[in-house]
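Notes follow once the structure below has been shown.
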Amino acid sequence: MQKNAGAEATTLSWLQTTVREVLQLAESEEVTARTLRELAATSLQTVGVQYRILRESSVQVEMSELIGDATVAELAALIDGRRRSAA
């Protein structure tokens, strides 16, 4: 994942792809404005998303944040914010 000035769009795009892959959703499935709960993610799939976020971005996102009310777009913004504050 790129870590530059265009990270917001890149992070969102990457996270959309990651969520679709881990949850085994079609590429056409709209995920941006939906929560993992709305996408019917199992607990194991949610852990998979959490692990991929940490591995690819070096950002820790708590399980409570992943299963909460944050949409995929909001999670991407959270990742970008934490990456910026760590820099």
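The values are calculated or read from the model by the stated rules, or taken from the named source; none is laboratory data. Remember, it's a predicted structure, so these values are computed and weren't measured experimentally. We place every Cβ from the backbone using ideal geometry, glycine too, and count neighbours over all the protein chains shown. The accessibility values were calculated without ligands, DNA or RNA, using every heavy atom of the protein model including side chains. Shrake-Rupley method; radii C 1.70, N 1.55, O 1.52, S 1.80 Å.
Observations on the structure shown:
- Residue-normalised accessible area of the chain, given per residue in Å² at a 1.4 Å probe: 56 Å²
- Taking the square roots of 5 times each eigenvalue of the Cα gyration tensor of the chain, largest first, gives ellipsoid semi-axes of 19, 14, 11 Å.
- Scanning the chain for GluC sites (Glu not before Pro) lying in DSSP loops with no more than 14 further Cβ atoms inside 10 Å, the longest uninterrupted stretch between such sites is 1-26.
- Once the Cα atoms are used to define both axes, helix 72-86 deviates from the longest principal axis of the chain by about 30 degrees.
- Helix 7-23 axis, angle to the chain major axis (alpha carbon atoms, nearest 10°): 30 degrees
- Solvent-accessible area, 1.4 Å probe, carbon plus sulfur percent, for the chain: 53 percent
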